[in-house]
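The values are calculated or read from the model by the stated rules, or taken from the named source; none is laboratory data. Worth saying up front: this structure is predicted, and the values here are computed from it rather than measured. Note that we place each Cβ from the backbone using ideal geometry, even for glycine, and neighbour counts take in every protein chain shown. SASA here: full protein model, heavy atoms, side chains in, ligands and nucleic acids out. Shrake-Rupley method; radii C 1.70, N 1.55, O 1.52, S 1.80 Å.
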Number of protein chains: 2
Amino acid sequence: MSKKTGKEIRINAFVTFAPSHLSPGLWSHPQDKSLDYNTLEFWSNLARVAEQGKYDGLFWADGISTYDVYGGSHDAGIRGALQFPRLDPLLLVAAMAQVTEHLGFAVTSSVTYEPPYLFARRMSTLDQLTRGRVGWNIVTSFGDSGSKALGLGPSKPHDLRYEIADDYLDVVYKLWEGSWENDAVKRDRATKTFADPSKVHVIRHEGPHYQIEGVHFSEPTPQRTPLLYQAGSSGRGKDFAARHAECVFVSAPSKNIIRASVADTRQRAAQLGRNPEDILFFMLLTVIVGRTEAEAKAKLEDYRRYVSPEGALALFSRWSGVDLAGRDVNEPLQYAKSEGMQSTIEGFTVADPDRVWTIGELAQHNAIGGKGPVLVGTPEQVADIMQEWMDETDIDGFNLSYTLLPQSHIDFVELVVPELQKRGVYKKEYRAGTLREKLYGAGPRLPDTHPAAAFRRGADAAADALAAAAEIQ
Amino acid sequence: MSKKTGKEIRINAFVTFAPSHLSPGLWSHPQDKSLDYNTLEFWSNLARVAEQGKYDGLFWADGISTYDVYGGSHDAGIRGALQFPRLDPLLLVAAMAQVTEHLGFAVTSSVTYEPPYLFARRMSTLDQLTRGRVGWNIVTSFGDSGSKALGLGPSKPHDLRYEIADDYLDVVYKLWEGSWENDAVKRDRATKTFADPSKVHVIRHEGPHYQIEGVHFSEPTPQRTPLLYQAGSSGRGKDFAARHAECVFVSAPSKNIIRASVADTRQRAAQLGRNPEDILFFMLLTVIVGRTEAEAKAKLEDYRRYVSPEGALALFSRWSGVDLAGRDVNEPLQYAKSEGMQSTIEGFTVADPDRVWTIGELAQHNAIGGKGPVLVGTPEQVADIMQEWMDETDIDGFNLSYTLLPQSHIDFVELVVPELQKRGVYKKEYRAGTLREKLYGAGPRLPDTHPAAAFRRGADAAADALAAAAEIQ
């Protein structure tokens, strides 16, 4: 059993705007509604379930590269709907805000693909329409097919992508934090003055990758900068997360790997002058829960009948870069020890580095829940293990993936949430305010220790400095 | 009185995602709710009013250039909220679809600013979520400040912008019409086959401005290509509209100008092998209606007290390129005769080319309703003049601007719509189906004579050719 620190557990529903995400083939299960992914009703229903369960948010993964490593083509990906087709999650957010009151919405958008000036306006639009409930999962896309689709040629090298990302973030921080002073907006009907032009500043950015000159086209929104998610796992990626992220998404099936990754990123943040506890870590998790252990195990067995082994291998092939098409399912995979606690099978992180896996076993392992653990059991068993992960790895919550939509979340909300609430480790009511306020219990804006705060202007900057000083005392 | 051809009148509410559009200063009127532009409730309410009035759609103008010609700065534009701040209309559409059943949504997006591959996915996402109720107003942005904000330097020359636009449209047509064959999607749970990869095609485009290689990330949507709006008024612009547009937005205060422009564009479309009647023309119009003529005139007088003369001149200065700041309001403006029926005052089209206007008069003329006519009167008077414009200029309907939001549309729906319905020139019920079906009474997709149809593939292309042949017989 865990040491039960009693840290509050955060939950996001982890999804993508496609018929299938991390459990290939399960869209074919008779109870699954994922084929309705292209309707508002499907998502509104899921948002309502999530808010009923007091989830912190819906978190949409996104990308525009096909699964094209397996067999050297995207055929398996198209046949099996492997995160394909996939639509733009930003366009769902306002409609989801309309049917909920507190739920947050984290959308993935790529700094490689979206022009920063227009993207900044998009996120401000969403922060307005949701009244401050929007987050941004920052990604630097690695797929060649997405890059070619945009006419950018093959994907750029890993570290260069992060350099571009740093430049991109400076642009959007300037727009969100520095273009409008806090008291720029007057909305004064008597003098017909909407805003004071002397307090609305042209942003001039002459970076290595972006050159921008313009005012931000949105007045200040509740959060200004949306809540920042990131998922860097390489050294360079962790540096980026340590500098920018408020929430970090981690995925691995082993506590050792997660614990080391969390500690490493927190340490990097501290070195940059940020409070390491200001970063909240969400871990990928899939839960199959039943009223009895037998019921839960029966569900797992039932679900396994609908998985797609081809889909599982095609997902794995792209994540690892190793094409497993046409290989013997009984063939054992090669190991490669890598840095720190991390061990990999041909690029894939696994729980037990001493175990020899065959390709067939891997397909089965990878067929439900992707790289994260899958918990199968009663509400009490699931809650026990979730608390163990919290206590032993220093994470702050979970990005909860699914086997069936929306059934997995209905099950979790009906069975696991009350158990967590009973244990006092899960909120019974939402906090008031923006997504950032709900998560941190502080103000709606980034803390003064975040690098974006350096771009604030005028009275705004001064007020923030004072507020930060007050907090320190 | 008009000859009363009885052609059905189409109506869009013409708006922008900002506190002010074409009637500067009127956001300061106590009845106006435009300061709530940044809330979902404001737009949902307007969408419901529009659907109650059986409008064809909401039409959002958009742009990211400030009004910065007047006085050589954007100060007047920021002070008076001249289409600034302005948010991204695409992000409203799904929420508006959620509160309506039939209303269409035309969003403006610039081919100069938005990468075509990602834009195609956005529009497909909206066509899915709205079940085929989305339209695209194609613009080639001319503002320098928007272009600089994106790091593109000064705005490109007019004709080059249209060349780029043609290339852009070929890209998005290929993605929308040519990437997925009609029978590519199987959604077959038994065989776990979502789609047949042999019927999903990689688009390869090697154009002068865009190089793209990829599959479209959306399965076929109800309309495939969204309903296409355009507003070209130059010769090159009309050629572009004649080639691509299904609906054309025209704005001028004179029947002669509108009649000539409509005829010219229809003729160009015919020369390109399209049916000239397939293009529907919507004219900019503002209506101030009262139960009596006196009531209507009193409204106008009331509204005039809230207009912003500075705002009117700043709008005019940007549209004409002539900075009117600091000039005497009694100064007469110079004329410049231009091609055809068109006459201009320093770039601005006016109704009566023989009238001498002072700067002060122009400010007043331009303070309500922009370049379009303003009708003030009883429902009968307004309906009479609307029918006159229909009959005498060959337009198909109106983009209806407002003085107050949502009051102008509430007034129009309560007073004018029943009068038009009584006369048999306005629908009493919506047609079933997509926006394209509602407007044309034919199928959900572009007709075979449209250039986008050339990009169809496989059985899809063959079926379309057969359908087109059947229609001809």
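Any residue at all in segment B:122-130 that's open to solvent by 20 Å² or more (accessible area, probe 1.4 Å) and hydroxyl-bearing (S, T, Y)? No - not one qualifying residue is present in segment B:122-130.
Yes or no: segment A:26-42 includes at least one residue that is within 8 Å of another protein chain (Cβ to nearest Cβ), crowded, with 24+ Cβ neighbours inside 10 Å and in a helix (DSSP H, G or I). Yes.
The residues listed here are B:R456, B:R423, B:R436; of these, the one that is buried (at least 19 other Cβ atoms within 10 Å of the Cβ) and farther than 29 Å from B:Y37 by Cα is B:R456. A:I345 falls short on exactly one of the conditions (1) modelled with pLDDT of 90 or more; (2) open to solvent by less than 20 Å² (accessible area, probe 1.4 Å); (3) not hydroxyl-bearing (S, T, Y), and that condition is (1). Screening B:D448 with (1) at pLDDT 95 or above; (2) over 20 Å from B:M283 (Cα atoms); (3) not hydrophobic (A, V, I, L, M, F, W, C) gives one miss only, at (1).
All of A:H158, A:H74 fail the test of being more than 9 Å from every other protein chain (Cβ to nearest Cβ), in contact (Cβ under 8 Å) with a residue 60 or more places away in the chain and open to solvent by 10 Å² or more (accessible area, probe 1.4 Å), apart from A:H158.
Just one of the listed residues (B:R318, B:R291) is away from every other protein chain (no Cβ under 14 Å), touching a helix residue (DSSP H, G or I) at 6+ places or on another chain (Cβ under 8 Å) and open to solvent by less than 60 Å² (accessible area, probe 1.4 Å), and it is B:R318. Taken together, B:T16, B:T100 contain a single residue that is among the polar types (S, T, N, Q), open to solvent by 10 Å² or more (accessible area, probe 1.4 Å) and more than 8 Å from chain A (Cβ to nearest Cβ), which is B:T100. For segment B:110-121, a residue qualifies if it is free of Cβ contacts under 8 Å to residues at least 60 places away in the same chain, surrounded by 22 or more Cβ atoms within 10 Å (Cβ to Cβ) and either facing chain A (nearest Cβ under 9 Å) or of a type in the set (S, T, N, Q) (or both), and exactly one does: B:S110.
Look at A:A149 and say whether it is within 10 Å of chain B (Cβ to nearest Cβ), modelled with pLDDT under 95 and open to solvent by less than 10 Å² (accessible area, probe 1.4 Å). So A:A149 passes the test. State whether one or more residues within segment A:83-96 are more than 9 Å from every other protein chain (Cβ to nearest Cβ) and either open to solvent by less than 10 Å² (accessible area, probe 1.4 Å) or touching a helix residue (DSSP H, G or I) at 6+ places or on another chain (Cβ under 8 Å) (or both). For segment A:83-96, residues more than 9 Å from every other protein chain (Cβ to nearest Cβ) and either open to solvent by less than 10 Å² (accessible area, probe 1.4 Å) or touching a helix residue (DSSP H, G or I) at 6+ places or on another chain (Cβ under 8 Å) (or both): present.
For every residue, the table says whether it meets (1) at the interface with chain A (Cβ under 8 Å from one of its Cβ atoms); (2) open to solvent by 10 Å² or more (accessible area, probe 1.4 Å); (3) not in a helix (DSSP H, G or I).
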position: B:N45; (1), (2), (3): no, yes, no
position: B:R48; (1), (2), (3): no, yes, no
position: B:F59; (1), (2), (3): no, no, yes
position: B:G63; (1), (2), (3): no, yes, yes
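Taking segment A:131-144 as the range and being crowded, with 21+ Cβ neighbours inside 10 Å and of a type outside the set (V, I, T) as the test, the residues that pass are A:G132, A:R133, A:G135, A:W136, A:N137, A:S141.
Specify which of the listed residues (A:T16, A:T39, A:T66) is of a type in the set (S, T, Y) and under 19 Å from the mean Cα position of the chain (by Cα). Steps first, answer last, please.
Details: A:T39 fails: under 19 Å from the mean Cα position of the chain (by Cα); A:T66 fails: under 19 Å from the mean Cα position of the chain (by Cα).
Among A:T16, A:T39, A:T66, only A:T16 is of a type in the set (S, T, Y) and under 19 Å from the mean Cα position of the chain (by Cα).
Do the conditions hold for B:Y113, that is, is it modelled with pLDDT under 95 and within 30 Å of B:P444 (Cβ to Cβ)? Yes; evaluated as a whole, the condition is true for this residue. Among the residues of segment A:134-141, are any more than 11 Å from every other protein chain (Cβ to nearest Cβ) and among the aliphatic types (A, V, I, L, M)? Yes: segment A:134-141 contains one or more residues that are more than 11 Å from every other protein chain (Cβ to nearest Cβ) and among the aliphatic types (A, V, I, L, M).
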